[in-house]
2 protein chains.
Amino acid sequence: MLKKAIFQGFCKTDLSQEEWKRIAAICEQTHTVSPDKVSDLVKDADGLFVKLGTKIDRRFIDSAPRLKVIGMFGTGYGRIDAAYARERNIAVFNVADYATRSVAEFVFAALLNDARHLPRALTQSAAGDYSDASFMGTQLFGKSIGIIGLGSIGACVAKMAADGFGMNVLYWSQKRKKDQETKHIRYAEINTVLSNSDYVSLHLALAPGTETFMSAARIDMLRAGTVLINTAPMELLDLKAVEVRLAKNHLSLILDHSDEMPAADLQRLSRYTNCTIYPPIAYTTREASTRKQSIFVDNIVAAATGREIPNRVN
Amino acid sequence: MLKKAIFQGFCKTDLSQEEWKRIAAICEQTHTVSPDKVSDLVKDADGLFVKLGTKIDRRFIDSAPRLKVIGMFGTGYGRIDAAYARERNIAVFNVADYATRSVAEFVFAALLNDARHLPRALTQSAAGDYSDASFMGTQLFGKSIGIIGLGSIGACVAKMAADGFGMNVLYWSQKRKKDQETKHIRYAEINTVLSNSDYVSLHLALAPGTETFMSAARIDMLRAGTVLINTAPMELLDLKAVEVRLAKNHLSLILDHSDEMPAADLQRLSRYTNCTIYPPIAYTTREASTRKQSIFVDNIVAAATGREIPNRVN
């Protein structure tokens, strides 16, 4: 059993009634609280469950001496100091691979939306103007796409690009994945990938080595006209360098991770017509949501009942 | 040489300067005219070149006794009485297969736009609201898609659906295409296809046998929640029957062929929130446009120089 489980930033609808019942069955107390009210409650909590974007640093961990488990309701746990948690014997888990297809499909949804000017098309037709005169889209077929990070999502995007859209894929990944390579999915050095792609899609996790992975030098390698899409954490990007190239109209930028960006950055970026910012919906499908909830609660149940936590990351 | 070539409804930008030069080299006179001014000019024309949506019936053909060739700047020539033209020794050609990939990619662009609520997402973020709270998309992966008509575009959509998106494809076509069938692309009777698909995409040409192919009886076979997408001529649809099911919220309808629809139909359909009408941009990409122009002018040159017209259809 968990004595006191804090669900920071959760609302009741984040989990189905059924999943809340499974939680209630193995927790004496559960609290869904807004982030600003956590500090008081967490003092004697043994379970802390957080959403993407939450920072759990050493100081925070020290303020919760009874903590046994920290669960991330999402994949990226780069904002949790998992190494320090381990020192303190606190298990950290995340929810991985629940939305691989959803994110990969979003990448193509967003690329096609951009390539075919669908937002403008719908605005125009909603105003009663059904002329095609001002439209000239671009095919994805035959274009090159650079995939940075060939984890499960990157690999799925690569396969869809090659097998579905007839694109030529170059990838770079921290570990080369020869088993994923085909005639149209080829490995290359990072600089080669960046400087030879019509589209570049980022799929790195946030980790000490990946922060501003897309540094000014690497952003500058993208050739003029490149469409850069980021469904991974925003911290991968040197935003200032991106902005310089946006201002020169050298790049198109498509983002969905706006929830983690400072408001000032968001406002500034949203002024560029070649920057499209979605709410963070790449992961958000019914199918992914069902899977995410059940994996998440499976892990909480494991933690509460003293079994091995399947998705433990530290 | 053609003595007098009429380009009905064309504007100068429909063809590149280079293509106009190729035309000028083999035509004594060329006239780009609006449809309402054709009747006078066509009397002594030997070449008539028209755009999609133009009706060329028996009476019109009779009004142009010197006509030798009618060229359609597009694929669908169902509105041209090609059989009667043949009786009169007038060759009819179209431009086929120039936009296969463009249309197929548009189908997925539009399906994904709908499945992930991207128009609403962008409207929301443009207003400064980056919350994901109200979004719950749908994956295409694992869903079933019915393809009606397995010509080049239908076959391309089928392959992209199966190989790229992991969808299960059922198709019906006037001629069964066993060479296109795979584990995930299977043939079925039309009623089976219509009643077993999450998505239905129409890819029939307009011909005497296909007008209102999607009759009231067939529309009624679509199960509740089906997304019907039509990038083929609107005449395939019994619009009244579609409207009945739209009004009951039994269907989602996605269209791009609005240019051929009467304004009253358009206005009525556009009132339904489950009906998305694009300007006719499925065919409109740079790649397709270049190819379309060069195939079109190749055929004009062939006609003018007395060679066999490659794309003759009658």
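The values are calculated or read from the model by the stated rules, or taken from the named source; none is laboratory data. This structure is a prediction, so every number in the text was calculated from the model and none was measured. Here Cβ is always computed from backbone atoms with ideal geometry, including for glycine, and neighbour counts include all displayed protein chains. Quick note on the areas: whole protein, heavy atoms, side chains included, nothing else; ligands and nucleic acids left out. Shrake-Rupley method; radii C 1.70, N 1.55, O 1.52, S 1.80 Å.
All of (1) within 14 Å of chain B (Cβ to nearest Cβ); (2) charged (D, E, K, R); (3) open to solvent by 70 Å² or more (accessible area, probe 1.4 Å); (4) farther than 22 Å from B:A161 by Cα hold for A:D163 with one exception: (4). Total residues in the range A:138-152 satisfying the condition of being polar (S, T, N, Q), more than 7 Å from chain B (Cβ to nearest Cβ) and outside any strand (DSSP E or B): the figure is 1. Number of residues in the range B:20-32 that are hydrophobic (A, V, I, L, M, F, W, C) and under 14 Å from B:F73 (Cβ atoms): the value is 2. The set of residues in the range A:204-224 being touching a strand residue (DSSP E or B) at 6+ places or on another chain (Cβ under 7 Å) and closer than 12 Å to A:V193 by Cβ consists of A:M214, A:L222. Just to verify a result, which residue in the range B:249-287, among those that are at the interface with another protein chain (Cβ under 8 Å from one of its Cβ atoms) and either of a type in the set (D, E, K, R) or in contact with a His (Cβ under 6 Å, 6 or more places away or on another chain) (or both), is surrounded by the fewest Cβ atoms within 10 Å (Cβ to Cβ)? Step by step, filter the range B:249-287, then rank; the result is B:R286.
Residues in the range B:278-314 that are of a type in the set (S, T, N, Q) and closer than 13 Å to B:G47 by Cβ: B:N299, B:T305.
Each residue in the range A:196-235 was checked for being of a type outside the set (A, V, I, L, M, F, W, C), in contact with a helix residue (DSSP H, G or I) (Cβ under 9 Å, 6 or more places away or on another chain) and crowded, with 18+ Cβ neighbours inside 10 Å, and 10 of them qualify. At least 2 residues being among the aliphatic types (A, V, I, L, M) and at the interface with chain A (Cβ under 9 Å from one of its Cβ atoms) is the threshold, and among the helices (runs of 4 or more DSSP H) wholly inside the range B:77-137 those reaching it are B:100-115, B:118-126.
Here the helices (runs of 4 or more DSSP H) wholly within the range B:216-314 that include at least 3 residues being β-branched (V, I, T) are B:286-304. Just give me the residues in the range B:238-250 being of a type outside the set (V, I, T) and in contact with a Leu (Cβ under 8 Å, 6 or more places away or on another chain), in sequence order. Within the range B:238-250, B:L239, B:E243, B:R245, B:L246, B:H250 qualify. Here A:D114 meets each of (1) over 15 Å from A:N299 (Cβ atoms); (2) touching a helix residue (DSSP H, G or I) at 6+ places or on another chain (Cβ under 8 Å); (3) acidic (D, E) with one exception, condition (2). With respect to the conditions (1) within 13 Å of chain B (Cβ to nearest Cβ); (2) open to solvent by 20 Å² or more (accessible area, probe 1.4 Å); (3) in contact with a strand residue (DSSP E or B) (Cβ under 8 Å, 6 or more places away or on another chain); (4) within 30 Å of A:A24 (Cα to Cα), A:N311 falls short on a single one, namely (1).
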